[in-house]
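Read-outs throughout are calculated quantities, based only on the coordinates presented, and are distinct from any laboratory measurement. Note that the coordinates shown come from a computational prediction; the quantities given were computed from them, not determined experimentally. So basically every Cβ, Gly included, is an ideal-geometry build from the backbone, and we count neighbours across all protein chains shown.
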Amino acid sequence: MATAVEWGCPVIHVATCIACGRCVSICPSYCLRLQDGKPVVDSGGPFGCLACGHCMAVCPSGAIRVTGRGMKGGEVFPLPLPSARATAEALEGMMQARRSARHYENRPVEKPVMDRLLAMSATAPMGFPPSPVGVVVINGRDRVQELAHDLVAAFKKWRFLKTPVGSILLRFMMDKPSVELMKNFVLPVVDTIIEARKEGRDLLFYDAPCVMVFHSPLKDPVEPAIASSFATLAAEGLGLGSCMIGTVAPALQGDKRLRACWGIPAKNFPSMAMTLGYPSVTFPNGIHRRFASVEFV
Ligand SMILES: Cc1cc2nc3c(=O)[nH]c(=O)nc-3n(C[C@H](O)[C@H](O)[C@H](O)COP(=O)(O)O)c2cc1C
């Protein structure tokens, strides 16, 4: 049985509304309209208020509030003036300086710093508010090593995929490019991680003091991927290093018990893991990068 979608509930405070109409023109769900020159909430249209908050963000007099779909009413806040925000140069410099960090100081990440990083990451765009993304924070080297231990045990089961029967199974489970990637990259990497662990080296999480796992109820990993991309930039801005760890997701996805052990809701898909910590290496140089193709058509 289909469950009814809860829509957002915009409320306009008529005494403070200056009838500029900006909320009406910005609303992507067309649930506001002008009536006698003043904005009113319109319940019509194929869908209701998405609770994206754009009407509150654009309102110069604070006359509109949205609740519902995760909004509780206190979300809107004044932004610093454009002159006080990061310039393109500052942002570009930060993006160019970001590197995947695989060497960390033996120093914990402070809770207020993690809270700030999570708040910064939560500014990421989402397909359909509110964000479906959940984050599990594994904090402290010992806890991270416990997770590494559990994952390496799960990786050991993947060795079966290198057998003739496993190869056939892989071909049933994945498309050809994914099978090639699995055979030529993922399985050898996982083997290296297993072997290194025997020698006390952590090539999965690089002895990071913190790991964050981004998950969502949707099988499509795009929303956790966007959120974790924002997190890597937030980390850079906060003087932290981070590294996306792709192999974690399939290992957790394939093991319900492991997900339960590590606080990931049973029905959610862990899509991306990210190490976090104070980097022990600094890079004086950047690297020019480009997309596989860019076409202006
Ligand atoms: C989806 C994804 C998965 C990744 N998985 C891993 C991983 O499992 N282990 C690792 O060391 N790095 C991983 N990385 C980091 C990349 O290897 C890294 O981005 C690459 O080395 C380029 O370095 P840079 O981020 O400093 O530009 C991953 C990156 C992405 C985007």
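May I ask for the Rg/Rh ratio of the range 116-174, computed from Cα atoms with Rh as the Kirkwood radius, given to two decimals? Don't skip to the end; give the middle numbers.
Values: Rg = 18.1 Å, Rh = 15.2 Å.
Rounded to two decimals, Rg over Rh is 1.19.
So how strong a dipole does the chain carry about its Cα centre when Lys and Arg Cβ are +1 and Asp and Glu Cβ are -1, to the nearest 20 debye? Working shown, then result.
Numbers: 32 positive and 24 negative charges, 110 e Å.
Roughly 520 debye for the chain.
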Practice problem: Would you list which lysines come within 21 Å of LYS156, measuring only between C-alpha atoms, while excluding same-chain residues fewer than 8 positions from it? | Solution: LYS183, LYS198, LYS256
Quiz item: Given a cut-off of 25 Å, what percent of all Cα-Cα pairs of the range 55-158 lie beyond it?
Solution: 49
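Cα-Cα pairs above 22 Å in the range 98-277: how many percent?
Details: 7466 of 16110 pairs.
Of all Cα-Cα distances in the range 98-277, 46 percent exceed 22 Å.
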Quiz item: What spacing in nm lies between the two simple spin-label points modelled at CYS20 and LYS198, each 7 Å away from Cα in the Cβ direction?
Solution: 6.7
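So how do ILE26, ILE168, ILE64, ILE287 line up by other beta-carbon neighbours within 10 Å, fewest first?
Details: ILE26 14, ILE168 10, ILE64 24, ILE287 7.
The fewest-first ordering by Cβ neighbours comes to ILE287, ILE168, ILE26, ILE64.
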Self-check item: Estimated distance in nm for a label pair at PHE296 and LYS183, the labels positioned 7 Å out from Cα along Cα-to-Cβ
Solution: 4.2
Self-check item: Theoretical gain in end-to-end length, LEU81 to THR163 [0.36 nm per residue, Cα-Cα removed]
Solution: 23.4 nm
Practice problem: Report the FRET efficiency, 1/(1 + (r/R0)^6), for ARG33 and THR67, where r is their Cβ-Cβ distance and R0 is 22 Å, rounded to 0.05. | Solution: 0.65
Practice problem: Between HIS149 and HIS13, take the C-beta separation as r, use R0 = 51 Å, and let me know the FRET efficiency to the nearest 0.05. | Solution: 0.40
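In debye, nearest 20, what is the charge dipole magnitude of the range 144-297 about its Cα centre with +1 on Lys and Arg Cβ and -1 on Asp and Glu Cβ, if you could check?
Numbers: 17 positive and 14 negative charges, 115 e Å.
Rounded to the nearest 20 debye, it is 560 debye.
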